[in-house]
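Chemist: I have a structure I would like to understand better, so I am pasting it below and will then ask my questions one at a time.
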């Protein structure tokens, strides 16, 4: 996917189908395997997945399909004959498309009332919120300290000539954080003002690249790649991965530039294992799994009462007033806005 400032996230290789269990009478029965279709940033501790298998008798096989946009496209194209049973990682910038295309079937998890319902986007409960990963502009704190100039803090600041040629952002047509940043500017400036704002960003030298990986790890000076630009579109949680030996984060998320991005899970319509798929959605919303998402995928759990890793309160606080747009407005405007953005920037 996109994705986090987690430069060394271990990807879990999950067991394949075909193993069997004794049925107690000398024979064997096939262990059910539920295919979880997800984005490339999915990661979970093997012991947590093993514990779920032991408790439920269900294996989870992970099938990765690129970032949130690629994942959604694949789910739409294969909805008549889905490539899995459960999908996780369709986010709030693409959820309306998946719902309008009938990708998911209704299912209300008994775990949903523990917090995920706060982010509900569908009265039929076809999607359940798993995590929150607000997209925000990040800055390289050391760069601005060394230059003796204040770091930007608002959308308007990014168009200020003192920050010319310093910002790198992702293409909203190809990257989820790029789309979230575009939606944030539309929410901020409205239909009447967002194009003028982007015209100013273009004049101020914004660099646009295809995806988060290139933007953050190659172009951004505050990451391990030590790129040339000290301002990047990333995540509110990214500074948690950039804590120095002194215990202080080397980067900072600008909390006035955030757009709320929620990732969802749902049972795929026309799937072959609906009942077992329900149990996997329950697992993704459970305390056990939710307690792993911050450390493993650098996102905030959707479930209430889940502790965050030490230092997140200082380095990566969850934005309290992010920009948002209603799902139906995003669905109606997404392609038009991307087309207009392309005309402006390219």
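The values are calculated or read from the model by the stated rules, or taken from the named source; none is laboratory data. Values in this document were obtained by computation on a predicted structure and should not be read as measured data. In this analysis, Cβ positions are derived from the backbone assuming ideal geometry, glycine residues included, and neighbour counts consider all displayed protein chains.
Chemist: Inspect all residues belonging to segment 72-81 and state whether any of them is assigned by TED's automatic domain parsing to the domain that holds residue 35, in a helix (DSSP H, G or I), without any contact (Cβ under 8 Å) to a residue 60 or more places away in the chain and surrounded by 18 or more Cβ atoms within 10 Å (Cβ to Cβ).
Modeler: Scanning segment 72-81, I find at least one residue that is assigned by TED's automatic domain parsing to the domain that holds residue 35, in a helix (DSSP H, G or I), without any contact (Cβ under 8 Å) to a residue 60 or more places away in the chain and surrounded by 18 or more Cβ atoms within 10 Å (Cβ to Cβ), so the answer is yes.
Chemist: Which members of segment 129-188 meet the condition of being touching a helix residue (DSSP H, G or I) at 6+ places or on another chain (Cβ under 6 Å), over 22 Å from residue 227 (Cα atoms) and modelled with pLDDT under 95?
Modeler: Across segment 129-188, the qualifying residue is only 173.
Chemist: Moving on. Would you check if residue 174 is surrounded by fewer than 24 Cβ atoms within 10 Å (Cβ to Cβ) and over 30 Å from residue 44 (Cβ atoms)?
Modeler: no
Chemist: Same structure again: Out of (1) in contact with a strand residue (DSSP E or B) (Cβ under 8 Å, 6 or more places away or on another chain); (2) surrounded by fewer than 17 Cβ atoms within 10 Å (Cβ to Cβ); (3) within 24 Å of residue 93 (Cα to Cα); (4) modelled with pLDDT of 95 or more, the odd one out for residue 210 is which?
Modeler: Result: residue 210 passes all but (4).
Chemist: With respect to residue 99, determine if the residue is crowded, with 22+ Cβ neighbours inside 10 Å and either in a strand (DSSP E or B) or at pLDDT 90 or above (or both).
Modeler: no
Chemist: State whether the residues of segment 30-44 include one that is modelled with pLDDT of 95 or more and part of a helix (DSSP H, G or I).
Modeler: Within segment 30-44, none of the residues are modelled with pLDDT of 95 or more and part of a helix (DSSP H, G or I).
Chemist: Just to be sure I understand, how many residues within segment 314-342 are in contact (Cβ under 8 Å) with a residue 24 or more places away in the chain, closer than 12 Å to residue 183 by Cα and outside any loop (DSSP other than H, G, I, E, B)?
Modeler: Of the residues in segment 314-342, 9 are in contact (Cβ under 8 Å) with a residue 24 or more places away in the chain, closer than 12 Å to residue 183 by Cα and outside any loop (DSSP other than H, G, I, E, B).
Chemist: Within 21 Å of the chain's Cα centre (by Cα), surrounded by 24 or more Cβ atoms within 10 Å (Cβ to Cβ) and over 22 Å from residue 172 (Cβ atoms): is that true of residue 86 in this structure?
Modeler: Here the answer is yes, as residue 86 does meet what is asked.
Chemist: Output yes when any residue across segment 301-308 is outside any loop (DSSP other than H, G, I, E, B), surrounded by 17 or more Cβ atoms within 10 Å (Cβ to Cβ) and not assigned by TED's automatic domain parsing to the domain that holds residue 195, and no when none is.
Modeler: Just the residues of segment 301-308 that are outside any loop (DSSP other than H, G, I, E, B), to begin with: 301.
Now drop any that are not surrounded by 17 or more Cβ atoms within 10 Å (Cβ to Cβ), which leaves 301.
From the residues that got through so far, the ones that are not assigned by TED's automatic domain parsing to the domain that holds residue 195 too are 301.
Yes: segment 301-308 contains one or more residues that are outside any loop (DSSP other than H, G, I, E, B), surrounded by 17 or more Cβ atoms within 10 Å (Cβ to Cβ) and not assigned by TED's automatic domain parsing to the domain that holds residue 195.
Chemist: While we're on this one: Quick test for you: out of 335, 340, pick the one residue that is surrounded by 15 or more Cβ atoms within 10 Å (Cβ to Cβ), assigned by TED's automatic domain parsing to the domain that holds residue 243, out of contact with any strand residue (DSSP E or B) (no Cβ under 9 Å at 6 or more places or on another chain) and modelled with pLDDT of 90 or more. Steps first, please.
Modeler: Values: 335 fails: surrounded by 15 or more Cβ atoms within 10 Å (Cβ to Cβ).
Checking each option against the conditions leaves just 340.
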